[in-house]
Each structure stands twice: as structure tokens, then as C-alpha cells.
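Reading through the C-alpha cells given below for one structure.
We did not get these values from a lab; they are worked out from the coordinates using the rules stated. This is a predicted model, so every value here is computed, not measured. A quick note on method: Cβ atoms are made from the backbone with ideal geometry, for glycine too, and the neighbour counts reach across all protein chains shown.
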Amino acid sequence: MAQITQLDSKLAEVLGLAQAAQQATKKVGRMAKSEGEQELVALLDRMGAEAKETEKRCKAVAEKRDGKKTAINKKARETKTEATEMMETYLGGSDVDALDGFEFLTMAEAGELGHWEIVKTMATKAKDRNLVRLADWATPIQQNHVESVRSSSLKLAESEDPNEPEG
């Protein structure tokens, strides 16, 4: 397997995070649906579709990286596994609800945005136009995801009774 650069590794990470995001939006979408939150289900469906498109575009860039596709995909699988394990830790209990799901997504989407900003910085330094263009495309989408899940979390929190016993 080919040796990958730091930049290849960051590409792999955002690829793995896009793959994990598809799973997370489905899981949280089921929680929102069970609570009758159709507007949030629609948001999560859109976010999942955007994550799928991000995955597709990341794979297209990885294919053009001189024999590193296999190594990049392996690293992406590792990242996806780590992100999925974090999701299961956070949302694996029997008493989780849509607010818990959106709290997790707030952390996950902020992390994904940070990764994209790092990719853009490193790709700019490396003068890697393909990866800069991809980051220019993905970063505003991630910014929108962060704001959407944050505002949705606050909306869900507003509907909670803060004095109700947990459980």
C-alpha cells in the first residue's frame, strides 16, 4: 500500500466523517420521526444526502492521487469506525431522544467543519487545486450543518420542561 501524506490523511478523515455522518443522520432521524418532528426529519434527510455527495466527491479526488486510493480508503474506514463508536457511546442508551441526537450532531458537525477548514489550509499550502476546490465546496455546507443542528438543538431544548425529572 502506498505511503500517504498528511494531506492525504486529512482527505481520508473527511471522507470517513462524511460516511459516518450518513449513519448519524439516519439514526437521529429515526429519533426525530418517533417524536413527530417531521421538519427535523427533512433537515436530516437533506444533511444525509449532502454527506453522500461529499463522500462521492472525496472519493473522486482520492482516485486521482497517484496510487493512494486504497490507503486513503483504509484510513477513511478507520475514521468512520471511530466516529461511529463515538456515536454509539453517546446515543446507545435506551433513554435517548431527539435532543440527545441533536446534541451529538452539534459536536460531530462542528468537528467535521474543523476538519474541512484544516483540509483547505493544508491544500492551499500544498497548492493542491483539486482539494482546495473540494474544500471550498464542502466548507459552506458544513457551516450550514453546524448552524442547522445548533438551532434545532435549541428549539428542542426550548420545548423541554427544565424541571421535569430525568429518566
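Just a few scattered comments:
- Relative exposure of H115, H145, judged by other C-beta atoms within 10 Å (fewest first): H115, H145
- Signed unit charges on C-beta, dipole axis of the chain, positive-most listed residue V28, A98, C58: C58
- Checked against a 18 Å cut-off, the cross-linked pairs K27/K75; K10/K69; K27/K59; K10/K120 give Cα-Cα distances beyond that limit for K27/K75; K27/K59.
- Database remark: amide H of T5 closer than 5 angstrom to no amide H (H placed geometrically; neighbours at sequence offset of 5 or more, or on other chains; Pro and chain starts carry no H).
- Taking the longest Cα principal axis of the chain as reference, the axis of helix 129-158 is set at about 10 degrees.
- Longest exposed-site-free window of the chain, the sites being trypsin sites (Lys or Arg not before Pro) in a DSSP loop that have at most 11 other C-beta atoms within 10 Å: 1-63
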